[in-house]
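The values are calculated or read from the model by the stated rules, or taken from the named source; none is laboratory data. It should be emphasised that the depicted structure is a prediction, and the values quoted were computed from it without experimental measurement. Cβ coordinates were reconstructed from backbone atoms using ideal geometry, including for glycine residues, and neighbour counts include every protein chain displayed. Remember, those area values only see protein heavy atoms, side chains included, never the ligands or the DNA or RNA. Shrake-Rupley method; radii C 1.70, N 1.55, O 1.52, S 1.80 Å.
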Amino acid sequence: MLESGLIESLPDLPAPVLTIYLDTNRAKSVNRGLEPAYLISLKSRAKLIEERLYPESRESFREQVGRAEAYLRIHSPQSKGVAIFTGRDSWEFVPLEAEVEDEVHWGAPDLAQLFWLLDEHKPYGIVIVSRKHAQFFLYWLGEMLELEDKEFTLEPSKEKEMGPVARSGGIRMSRGTNRDVFEHHVDAQYARYYRQIAEDIQRWSDAEHFQSMFLLGSVEMVKAIQKELSHAVREKIVLVEEDLGWVSRNELHQRIEPIIVQHEREREMALVDTLLGNDRGLVVGIDETLARLQQGRIRNLIVIKGLDASLKRCDECLWVDRTMDPVCPACGRERCTVTLREILPELARRYKISVEVVSGEAGRRLQEVGGIGAWLWEFERKEYGEHLTFA
Ligand SMILES: [Zn+2]
């Protein structure tokens, strides 16, 4: 699984770096065999870049291309996609379980596609409870990582828990009463077990700021745990009333993936609906959204996957907009051409806003207002529903 420490270190890789994104999905027949499509794509893209380089840069460029190609030949990628960052003193190979588009860049590490993928695939917490144990998984970018497996063992009943029944005069109890006492003891232990799981979920949610968490288990269990959660966490919990404590890891992944996809679709639709259904505290369209974003007035942004446009950016103050004026309106310096796809993730990180990347039906609806929109800071959260919280 991708590590957040790695993501933070990537922008600091010393240039020039060869950045490679490849669709290596082996489910596609073109990606199997001796000369898989991703290698052909790498070589043809590299050739185009090399032709544009100054002759003195070509050797070091070719060296990095050769290094990546040799690695890919020896280690056929097993993931749907890969990102590679390779330079004279650096090498990062990032397997990605997501749909990746082929890209090759030379120069500063190019993180745009990776950031788009990160905005599209938010991490989720998954908790699977059964009568034997509670498993905690982090689900991110199509991968499931088990973080903890808490076994539940029934402790032998102690006098204290037997309560007043056990103390009642030292009379030998009938079998029926013994069973009642035992059941009471079991219930009390399960109640404590559920409370502990709820506390763990609560702490985990507070630490990770998940947008959503999935709690899977029998109806009785998930309901009992849900009752113990705070209102804010309960809002984020998606209950799945299904006992999956026994299935293999592979089956679990296959069972959970469609649940997550469905949840994401519904969430995206709900977000787009609020955006289209309100006119207060919202902005839509590329121009308005970019301007408000750079004024620091945007809190959350929603955009169609891969939305693009040609923009001009000032080399000095970094102001960016769609007007084709070669000179910056703010400081009068020269401007260069950039694309929205390149700079949106960078802007979002600079202004610390959360971005939702939508596709499918939600994407088609968002297209009606230019494919992008945002919530402004001055807008009260309660007006668009507590359940539509962002990370
Ligand atoms: Zn400027």
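Applying 0.36 nm per residue to the separation of GLU235 and GLU103 and subtracting their alpha-carbon distance, the gain on full extension is 43.6 nm. Here the chain carries DSSP beta bridges of which approximately 80% are antiparallel, counting only pairs with both residues inside. Go ahead and run the numbers for FRET between ARG52 and TYR351, Cβ-Cβ distance against an R0 of 30 Å, rounding to 0.05. Between ARG52 and TYR351 the formula returns 0.40. In a simple Cβ point-charge model (Lys, Arg +1; Asp, Glu -1; nothing else charged), segment 4-110 has a dipole of about 480 debye relative to its Cα centre. With the biggest extent put first, the Cα atoms of the chain measure 97, 56, 34 Å across the principal axes. Counting only Cα atoms, I'd like the Rg/Rh figure for segment 1-119, Kirkwood definition for Rh. Rounded to two decimals, Rg over Rh is 0.94.
Segment 260-361 gives an Rg/Rh value of 1.01, both radii derived from C-alpha positions and Rh following Kirkwood. Of the residues THR153, VAL358, PRO258, the one whose Cα sits farthest toward the positive end of the charge dipole of the chain, with +1 on the Cβ of Lys and Arg and -1 on the Cβ of Asp and Glu, is THR153. The heavy atoms of ARG45 present about 90 square angstrom of accessible area, all protein chains included, probe 1.4 Å. Computed from Cα positions, the angle between helix 340-350 and the longest principal axis of the chain comes to roughly 50 degrees. Result for the chain in a Gaussian network model with C-alpha springs under 10 Å: among PRO14, PRO55, PRO123, the largest mean-square fluctuation is at PRO55.
Between 0 and 90 degrees, the angle of helix 37-52 with respect to the longest Cα principal axis of the chain falls at about 40 degrees.
In the chain, helices alone account for a calculated mean residue ellipticity at 222 nm of -13500 deg cm²/dmol, with every DSSP H run of four or more residues adding -39,500 (n - 2.57).
Mean projection of the Cα convex hull over all viewing directions, computed for segment 287-343: 3.9 nm². Could you tell me how far the Cα centroid of segment 316-346 sits from the Cα centroid of segment 75-133, in Å? Each part's Cα centre sits 29 Å from the other's. The trypsin sites (Lys or Arg not before Pro) of segment 237-306 meeting both criteria, a DSSP state outside H, G, I, E and B (loop) and at most 10 other C-beta atoms within 10 angstrom of the site's C-beta, are ARG280.
Suppose accessible area is computed on protein heavy atoms with a 1.4 Å probe; arrange GLU97, GLU51, GLU356, GLU151 from highest to lowest. Working shown, then result.
Details: GLU97 55, GLU51 115, GLU356 10, GLU151 145 Å².
Output order, biggest surface exposure first: GLU151, GLU51, GLU97, GLU356.
In this rough spin-label picture, where each label sits 7 Å from Cα along the Cβ direction, the SER9-GLU368 distance is 4.7 nm.
Relative to the Cα centre, the charge distribution of the chain, modelled as +1 at Lys and Arg Cβ and -1 at Asp and Glu Cβ, gives a dipole magnitude of about 620 debye.
Per residue, the accessible area of segment 4-110 comes to 55 Å² when a 1.4 Å probe rolls over the protein heavy atoms. Computing FRET efficiency as 1/(1 + (r/R0)^6) for ALA207 and THR337, where r is the C-beta to C-beta distance and R0 is 51 Å, gives about 0.75.
Relative to the longest principal axis of the Cα atoms of the chain, the long axis of helix 249-277 lies at roughly 70 degrees.
Each Lys and Arg contributes +1 and each Asp and Glu -1, all at the Cβ; summed about the Cα centre of segment 268-384, the dipole is approximately 260 debye.
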